[in-house]
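*Asks:* Once you've had a glance at the structure underneath, I'll fire off some questions.
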Amino acid sequence: MTNLIDDSIFDNILTADKIFRQKTGLSLIRSEAKLLILLRRNGSLSIKEAMSFLDLSYRGFYVLLNRMIEKRYISVKDDEHDKRVKRLYVNNITLL
């Protein structure tokens with residue numbers, strides 16, 4: 001994955017989004033962008049962790065997930081330690 005912008009900027013974006021959402025109930029950035037930033041920062045997330053971060057309904061999350069898989073932004077793999085857990089990974093794409 002090619003990094004064109006310092007990671008601290010992405011952390012600032014997530015922090016600003018969290019504060020704005022707490023105060024207004026609205027998000028500053030789309031869920032797709034938020035998921036890509038979280039995966040870039042963490043390397044991978046379980047589906048459960050991603051759903052928790054994004055605060056989406058089950059159906060809403062899977063619509064988003066399938067769209068991002070279809071566009072090849074992310075991939076889903078079995079967890080190495082627990083085969084019941086599916087982990088999300090960002091594919092090799094350029095993130096600003």
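*Asks:* Looking at this model, which pairs from Lys18/Lys71; Lys48/Lys71; Lys18/Lys83; Lys23/Lys86; Lys23/Lys77 are more than 28 angstrom apart at the alpha-carbon?
*Replies:* Details: Lys18/Lys71 26 Å; Lys48/Lys71 21 Å; Lys18/Lys83 32 Å; Lys23/Lys86 33 Å; Lys23/Lys77 36 Å.
Violating the 28 Å Cα-Cα cut-off are Lys18/Lys83; Lys23/Lys86; Lys23/Lys77.
*Asks:* Sort 68-77, 46-55, 31-40 by packing, meaning the average of other beta carbons within 10 Å per residue, with the highest value first.
*Replies:* Values: 68-77: 14.0, 46-55: 15.7, 31-40: 19.8.
Highest-to-lowest ranking by the protection proxy: 31-40, 46-55, 68-77.
*Asks:* Using unit Cβ charges (K, R positive; D, E negative) and no other charged atoms, how large, in debye to the nearest 20, is the dipole of segment 1-52 about its Cα centre? Don't skip to the answer; put the middle values down first.
*Replies:* Details: 8 positive and 6 negative charges, 48 e Å.
Here the size comes out at about 240 debye.
*Asks:* Local charge sum around Arg84 (other residues, Cβ-Cβ under 15 Å, Lys/Arg +1, Asp/Glu -1)?
*Replies:* Values: positive: Lys48, Lys77, Lys83, Lys86, Arg87; negative: Glu49, Asp78, Asp79, Glu80, Asp82.
That works out to 0.
*Asks:* Right, here's the next one. If I model a spin label at Ile47 and Arg67 as a point 7 Å from the Cα along the Cα→Cβ vector, what separation in nanometres do I get?
*Replies:* Computed distance between label sites Ile47 and Arg67 equals 1.8 nm.
*Asks:* Over the chain, what is the relative contact order in whole percent, taking alpha-carbon pairs under 8 Å and six or more residues apart? If you can, show how the numbers build up before the last one.
*Replies:* On the way: 92 pairs, mean separation 34.6, N = 96.
Dividing the mean separation by the residue count of the chain yields 36 percent.
*Asks:* Kindly write out, for segment 44-49 in residue order, the coupling ³J(HN,Hα) from the Karplus curve 6.51 cos²θ - 1.76 cosθ + 1.60 (θ = phi - 60°), rounded to whole Hz, with x marking Gly and Pro.
*Replies:* Running phi through 6.51 cos²θ - 1.76 cosθ + 1.60 with θ = phi - 60° gives 7, 9, 6, 4, 4, 4 Hz.
*Asks:* Dividing the Cα radius of gyration by the Kirkwood radius, what Rg/Rh value follows for the chain? Intermediate values should be presented prior to the final figure.
*Replies:* Numbers: Rg = 13.5 Å, Rh = 14.0 Å.
Ratio of gyration radius to Kirkwood radius for the chain: 0.96.
Here, each number is a calculation from the coordinates, and none is a lab measurement. Just so you know, these numbers come straight off a predicted model, no measurement behind them. No Cβ is skipped: glycine too gets one built from the backbone with ideal geometry, and neighbour counts run over all protein chains shown.
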